[in-house]
1. Just how large is the dipole of the chain about the Cα centre, in debye to the nearest 20, putting +1 at every Lys and Arg Cβ and -1 at every Asp and Glu Cβ?
2. Compute the helix-to-body angle for 68-81: its Cα long axis versus the longest principal axis of the chain, expressed 0 to 90° and rounded to tens.
3. What angle do you read, to the nearest 10 degrees and between 0 and 90, between the alpha-carbon axis of helix 2-25 and the longest principal axis of the chain?
4. Please get the size of the charge dipole for region 135-185, origin at its Cα centre, with Cβ charges of +1 on Lys and Arg and -1 on Asp and Glu, quoted in debye to the nearest 20.
5. Using a/c under 1.5 as the rounded threshold, could you call region 17-122 rounded, prolate or oblate? The axes a ≥ b ≥ c are square roots of the C-alpha gyration tensor eigenvalues, and prolate needs a/b larger than b/c, oblate otherwise.
6. Order the peptides 61-74, 127-140 from the highest to the lowest mean number of other Cβ atoms within 10 Å of their residues.
7. What do you get for the angle between helix 171-180 and the principal long axis of the chain? Use alpha-carbon atoms, 0 to 90 degrees, nearest ten.
8. With mean projected area of the Cα convex hull in nm² as the read-out, I listed (1) 15.6; (2) 11.2; (3) 11.8; which label goes with the value calculated from this structure?
Amino acid sequence: MKKLFLFTIILFCMGINMELQAQNQNQRILIAYFSWSGNTRIVAQHIHLAVGGDIFEIKPAKPYPTNYQATLNIARQELQTDDRPELESNVSNMAEYDIIFLGFPNWLNTIPMIIYTFLESHDFRGKTIIPFCTHGSGGLGRSIVDIRRLTPGATLLEPLGIRGADVRNSQNDVIAWLRRLNMVR
């Protein structure tokens, strides 16, 4: 009796997993990311290979300097003044997407202000947002709290944080995370 019960539970869970995967196959996916150093771009590419969908690089109209300290100074000033850097371009058909993977580096314990601009430029009500972050040692910081505040009516799923030093060898970690989310095609 106990084995039959466990077998029934396993079949039920497998059915839910297959149903979620089937639902995900019918949903439009966008992988939107901002990458200053290239680390977040690598993670975005890992995700894109595993789940498909469209990919969009969030770029500021005025690029950040290539010098780390100069960029850090600008990022600090943007955060202190609550600045919204202008986007080079935007997603014109955001309404068509159901699931948005949102990638960014952790800057000063949160999302870069260019991500604020991106999030405030669109309506995410009814959409699923799946954050992924690259960082030096700060993990996700308070980024999830800030994203949740900027996207009322959206559902946020389990985020992923990857240390910058680990990005080049992160494909297995990314796939494991996507499997937990039932997002691998």
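The values are calculated or read from the model by the stated rules, or taken from the named source; none is laboratory data. It should be emphasised that the depicted structure is a prediction, and the values quoted were computed from it without experimental measurement. A quick note on method: Cβ atoms are made from the backbone with ideal geometry, for glycine too, and the neighbour counts reach across all protein chains shown. Calculation scope for accessible area: heavy atoms of the full protein, side chains included, ligands and nucleic acids excluded. Shrake-Rupley method; radii C 1.70, N 1.55, O 1.52, S 1.80 Å.
1. With Lys and Arg at +1 and Asp and Glu at -1, about 640 debye.
2. Rounded to the nearest ten degrees, it is 90.
3. 40
4. With only Lys, Arg, Asp and Glu charged at Cβ, the dipole is about 80 debye.
5. prolate
6. Output ranking for 61-74, 127-140: 127-140, 61-74.
7. It is inclined by approximately 50 degrees.
8. Looking at mean projected area of the Cα convex hull in nm² for this model, the match is (3).
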